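Worksheet: the structure to be examined is printed underneath.
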């Protein structure tokens, strides 16, 4: 088995960069079941947010009485990146951010479709943050007494 190590140089100050490592597997019991797995882990994030810059995946916690279920909702928006906490929801809330997701699918096609959707969503997040970082100076407002 060969191992490939990828190192990246730091992004320029005005560049927003997110690096994600996807991993795939498949498991089959002949004549019974077939499952496909996808794990995505953010390995680098630059110029996104100050707290938890790699935690771009939004999860929701549901209390079902005897068990608590956490589910992947989406790639975060810039607002969600700034407002939701890392790894656990705030008291009385349901949403939080993580830097990795691990999902199961019934078919390879379904997994591929979700993989492509998530890539598009991450690209949109990067473009959105970049756009929000490009502030345009306005006329100063003076307050005097």
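Ranked highest first by average number of other Cβ atoms within 10 Å, how do 49-57, 126-134, 24-32 line up?
The packing order, highest mean first, is 49-57, 126-134, 24-32.
Using Cα centres only, tell me the gap between segment 114-145 and segment 17-48 in whole Å.
First find each Cα centre; the distance between them is then 28 Å.
Can you sort 95, 84 by how many other beta carbons sit within 10 Å, fewest first? Can you show the working numbers first?
Numbers: 95 16, 84 19.
The order, fewest Cβ neighbours first, is 95, 84.
Just to be sure I follow: if Rg is taken over the C-alpha atoms of segment 31-145 and Rh is the Kirkwood radius over the same atoms, what is Rg/Rh? It would help to have the intermediate numbers written out before the result.
Numbers: Rg = 18.5 Å, Rh = 16.5 Å.
Across segment 31-145, the Cα-based Rg/Rh ratio is 1.12.
When the helix-only estimate is applied to the chain (DSSP H runs of n ≥ 4, each -39,500 (n - 2.57), divided by the residue count), what is the mean residue ellipticity at 222 nm, nearest 500 deg cm²/dmol? Walk me through the intermediate numbers first.
Working: 2 runs with 32 residues, N = 145.
Using -39500 (n - 2.57) per qualifying helix, the result is -7500 deg cm²/dmol.
Taking neighbour Cβ counts within 10 Å as the exposure measure, how do 15, 41, 33 sort from fewest upward? Don't jump to the answer; show the numbers that get you there.
Working: 15 12, 41 16, 33 9.
Ascending number of Cβ neighbours within 10 Å: 33, 15, 41.
Please check: in the Gaussian network model of the chain (C-alpha springs, under 10 Å), which one of 44, 13, 116 has the largest mean-square fluctuation.
13
Where does helix 108-133 land angle-wise versus the long Cα axis of the chain, in degrees 0 to 90, nearest 10?
Roughly 10 degrees between the two axes.
Can you compute the FRET efficiency between residue 26 and residue 69 using 1/(1 + (r/R0)^6), with r the Cβ-Cβ distance and R0 = 22 Å? Round to the nearest 0.05.
That gives a FRET efficiency of 0.35.
Sticking with the crude label model, points 7 Å out along Cα→Cβ, report the distance from residue 51 to residue 14 in nm, one decimal please.
If labels sit at residue 51 and residue 14, their model points lie 2.9 nm apart.
Using a Förster distance of 22 angstrom, determine the FRET efficiency expected from the C-beta separation of residue 130 and residue 44, and round it to 0.05. Write down the numbers at each step before the final one.
On the way: r = 16 Å, r/R0 = 0.72.
Result of the calculation: an efficiency of 0.90.
FYI, it's all coordinate maths here, none of it is from the lab. Nothing here was measured: the structure is a model prediction, and the numbers come from that model. Here Cβ is always computed from backbone atoms with ideal geometry, including for glycine, and neighbour counts include all displayed protein chains.
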